[in-house]
Structures are given as C-alpha cells and as structure tokens.
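Asks: Here it is: the structure, laid out below.
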Amino acid sequence: MKLSRSVTTKENHLQAICLPGANIPLPRVCIATGWGHTKTRGSLASRLMEARIPVHDNKACQAKYSGSVPIRASHLCAGHLDGSTGTCVGDSGGPLQCSEKDGRWNLAGITSFGSGCAKLGYPDVYTRLSFYMPWIENKINKSRLTNELSNFYTV
C-alpha cells in the first residue's frame with residue numbers, strides 16, 4: 001500500500017502487520033483487540049481492549065456449535081472455553097493477530113461472530129485471512145499493475 005503522505009509512528013502506536021502465510025500451527029495463543037462491549041449488556045470500552053486467546057481446531061469448534069452454525073474452512077475459532085476472555089458485541093471487524101518466532105506479527109483473522117460475549121463453552125469465530133490470501137494477492141497484483149501502467153502515456 002502506498003500512502004499519499006508519510007505517517008509518523010511516535011511511541012510505537014502504529015505499526016504495519018504482515019499478511020498470513022499458511023494456516024496457523026496449533027496450539028497457538030493470539031491477541032484479539034477491539035473497542036466493543038466489555039460484557040453482555042455492558043457499555044462500550046473507553047479504551048482499546050486486548051484479549052490473549054487460544055486458537056482452536058475447526059473440527060473441535062464445529063462440535064462446540066453442534067451444527068447450529070456451520071464452521072467452514074474460511075473460519076478460524078479462538079477464545080477461552082471457560083468464558084473468561086473473548087470478543088464481544090462491537091468488536092466485529094477487529095484484528096486477531098499472532099506473533100511469530102522472528103518477532104513479526106501476522107493478521108490471522110478478523111472478528112466475525114460469537115455466541116454471546118466470551119460465552120462458556122463457545123469460542124469466537126473469525127474470518128480466516130489465510131483462506132482469502134489468493135484473492136488478496138490477486139487484488140494487490142492488479143493494483144500494482146494499474147499503478148505501473150499509469151506511468152505510461154499515449155501520444
């Protein structure tokens with residue numbers, strides 16, 4: 001991505017994040033962040049909230065939802081099954097980010113839905129970014145080509 005002007009990253013409040021490669025190896029703990037509600041029927045967070053949550057196998061996640069919600073390959077499930085921590089209403093669209101051994105962060109998922117707010121026994125469901133990487137790469141490559149072609153003029 002090319003910005004129209006430079007961005008100052010004072011005090012490390014702004015950083016780039018990597019797009020994911022292959023699927024996330026399990027077991028894995030990642031971080032979900034959001035400005036949503038802090039509890040069911042609660043108020044919106046006054047500051048950005050962070051939850052360190054384990055990522056779950058999709059088959060186990062499907063078993064938790066007992067077929068009431070189809071868990072597809074395009075989904076990623078994460079959250080504490082004891083109901084202690086997870087995402088809530090208003091967090092949808094927020095990132096699920098995972099750190100790599102080399103210190104880089106990957107955007108593994110985008111908060112999609114859950115069964116309440118960190119509901120006991122139910123992980124939250126995210127859009128799995130690695131599933132959409134071929135589409136994302138196609139869009140990036142088309143954008144690059146368009147930018148390259150815009151440098152040529154017809155006389």
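Asks: For the condition at positive phi and among the basic types (Lys, Arg), what is the one hit in Arg47, Arg104, Arg5, Arg41?
Replies: The unique qualifying residue is Arg41.
Asks: Checking Lys59 against (1) under 14 Å from the mean Cα position of the chain (by Cα); (2) assigned to a helix (DSSP H, G or I); (3) charged (D, E, K, R), only one condition comes out false. Which one?
Replies: The one condition Lys59 does not meet is (1).
Asks: Just to be sure before I move on: is Val89 within 18 Å of the chain's Cα centre (by Cα) and within 12 Å of Ala32 (Cα to Cα) in the structure I sent?
Replies: No: the conditions fail for Val89.
Asks: Now, a different point. Identify, by number, the condition in (1) modelled with pLDDT of 85 or more; (2) over 15 Å from Tyr126 (Cβ atoms); (3) outside any loop (DSSP other than H, G, I, E, B) that Glu11 doesn't meet.
Replies: (1)
Asks: Output yes when any residue across region 76-86 is modelled with pLDDT of 95 or more, under 17 Å from Ala22 (Cα atoms) and touching a helix residue (DSSP H, G or I) at 6+ places or on another chain (Cβ under 7 Å), and no when none is.
Replies: Yes, region 76-86 contains a residue that is modelled with pLDDT of 95 or more, under 17 Å from Ala22 (Cα atoms) and touching a helix residue (DSSP H, G or I) at 6+ places or on another chain (Cβ under 7 Å).
Asks: Do you know which of the residues in region 22-36 that are surrounded by 11 or more Cβ atoms within 10 Å (Cβ to Cβ) and in contact with a Ser or Thr (Cβ under 7 Å, 6 or more places away or on another chain) is modelled with the lowest pLDDT? Talk me through it step by step, then tell me what you get.
Replies: So the first thing to find is which residues in region 22-36 are surrounded by 11 or more Cβ atoms within 10 Å (Cβ to Cβ), and the list is 23-24, 28-36.
Filter once more, so that each one left must be in contact with a Ser or Thr (Cβ under 7 Å, 6 or more places away or on another chain): 23, 32, 34, 36.
Values: Asn23: 74, Ala32: 97, Gly34: 95, Gly36: 95.
Restricting to residues being surrounded by 11 or more Cβ atoms within 10 Å (Cβ to Cβ) and in contact with a Ser or Thr (Cβ under 7 Å, 6 or more places away or on another chain), the top hit is Asn23.
Asks: Output the qualifying pairs, or none if there are none: Cβ atoms under 6 angstrom, residues six or more apart or on different chains, first residue in region 131-142 and under 18 Å from Gly109 (Cβ atoms), second residue surrounded by 11 or more Cβ atoms within 10 Å (Cβ to Cβ).
Replies: Phe131/Ser74
Asks: So, one more: Return the residue satisfying two criteria in turn: it lies in region 37-53 and is surrounded by 13 or more Cβ atoms within 10 Å (Cβ to Cβ) and under 13 Å from the mean Cα position of the chain (by Cα), and of such residues it is nearest to Ala78 (Cα to Cα).
Replies: Looking at residues that are surrounded by 13 or more Cβ atoms within 10 Å (Cβ to Cβ) and under 13 Å from the mean Cα position of the chain (by Cα), I get Ile53.
Asks: Another question, if that's okay. (1) surrounded by fewer than 17 Cβ atoms within 10 Å (Cβ to Cβ); (2) on the phi < 0 side of the Ramachandran plot: which one isn't true of Gly67, the others all being true?
Replies: It is condition (2) that Gly67 fails.
Asks: A follow-up question, please. For region 111-145, give me the residue count where each residue is touching a Leu at 6+ places or on another chain (Cβ under 7 Å), within 27 Å of Asp82 (Cα to Cα) and among the β-branched types (Val, Ile, Thr).
Replies: First, pick out the residues of region 111-145 that are touching a Leu at 6+ places or on another chain (Cβ under 7 Å): 111, 121, 123, 126, 128-129, 133, 136.
Then drop every residue that is not within 27 Å of Asp82 (Cα to Cα), which leaves 111, 121, 123, 126, 128-129.
Going one step further and asking which of them are among the β-branched types (Val, Ile, Thr), we end up with 111.
Residues in region 111-145 being touching a Leu at 6+ places or on another chain (Cβ under 7 Å), within 27 Å of Asp82 (Cα to Cα) and among the β-branched types (Val, Ile, Thr): 1 in total.
Asks: Still on this structure: Within the group Leu26, Leu76, which residue is closer than 24 Å to Ser130 by Cα, hydrophobic (A, V, I, L, M, F, W, C), part of a loop (DSSP other than H, G, I, E, B) and without any contact (Cβ under 8 Å) to a residue 60 or more places away in the chain?
Replies: Every option except Leu26 fails the conditions.
Asks: Tell me which residues, restricted to region 102-128, are buried (at least 19 other Cβ atoms within 10 Å of the Cβ), under 23 Å from Thr40 (Cβ atoms) and touching a helix residue (DSSP H, G or I) at 6+ places or on another chain (Cβ under 7 Å).
Replies: Once the filter is applied, which keeps residues that are buried (at least 19 other Cβ atoms within 10 Å of the Cβ), under 23 Å from Thr40 (Cβ atoms) and touching a helix residue (DSSP H, G or I) at 6+ places or on another chain (Cβ under 7 Å), region 102-128 yields Gly109, Tyr122, Pro123.
Asks: Moving on to the next point. Counting only residues that are in a strand (DSSP E or B) and not small (Gly, Ala, Ser), which one in region 79-101 is surrounded by the fewest Cβ atoms within 10 Å (Cβ to Cβ)?
Replies: Among those residues, the one meeting the criterion is Gln97.
The values are calculated or read from the model by the stated rules, or taken from the named source; none is laboratory data. Predicted model only: the values in this text are computed from it and were never measured. Glycine gets a Cβ as well: all are built from the backbone with ideal geometry, and neighbour counts include every protein chain shown.
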